[in-house]
Amino acid sequence: MAKITVDEKYCKGCGLCTTACPRGIVQLDTTKITAKGYHPAYASDPERCTGCSLCAQICPDCCITVER
């Protein structure tokens, strides 16, 4: 099982990771706002994550870590 960690300090909520995830589990958390005023990304269903790391590869701010 894989684990996605998003460093919310650097996430600007651009949403690129949400489009890259083939399973559609990476989403923006609209219930949370970071100190910089953005909705951070998160894994909505972490059990379905395959660890492909496409979300981390497309992130322009390198704030996503995928552990397998």
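The values are calculated or read from the model by the stated rules, or taken from the named source; none is laboratory data. Bear in mind that the values here come from a model prediction, so they are computed numbers and not experimental data. Note: ideal-geometry Cβ built from the backbone for every residue, glycine included; neighbour counts use all protein chains shown.
I'd like the full set of residues that are over 21 Å from residue 51 (Cβ atoms), in contact (Cβ under 8 Å) with a residue 40 or more places away in the chain and either of a type outside the set (Lys, Arg) or surrounded by fewer than 13 Cβ atoms within 10 Å (Cβ to Cβ) (or both), limited to the range 11-32.
Hit for the range 11-32 is 14, nothing else.
When you scan the range 33-65, how many residues do you find that are surrounded by 14 or more Cβ atoms within 10 Å (Cβ to Cβ), over 11 Å from residue 6 (Cα atoms) and out of contact with any helix residue (DSSP H, G or I) (no Cβ under 7 Å at 6 or more places or on another chain)?
So the count comes out to 8.
Out of curiosity, is residue 20 in contact with a helix residue (DSSP H, G or I) (Cβ under 9 Å, 6 or more places away or on another chain), hydrophobic (A, V, I, L, M, F, W, C) and at pLDDT 95 or above?
On the way: in contact with a helix residue (DSSP H, G or I) (Cβ under 9 Å, 6 or more places away or on another chain): yes; hydrophobic (A, V, I, L, M, F, W, C): yes; at pLDDT 95 or above: yes.
For residue 20, the condition - in contact with a helix residue (DSSP H, G or I) (Cβ under 9 Å, 6 or more places away or on another chain), hydrophobic (A, V, I, L, M, F, W, C) and at pLDDT 95 or above - is met.
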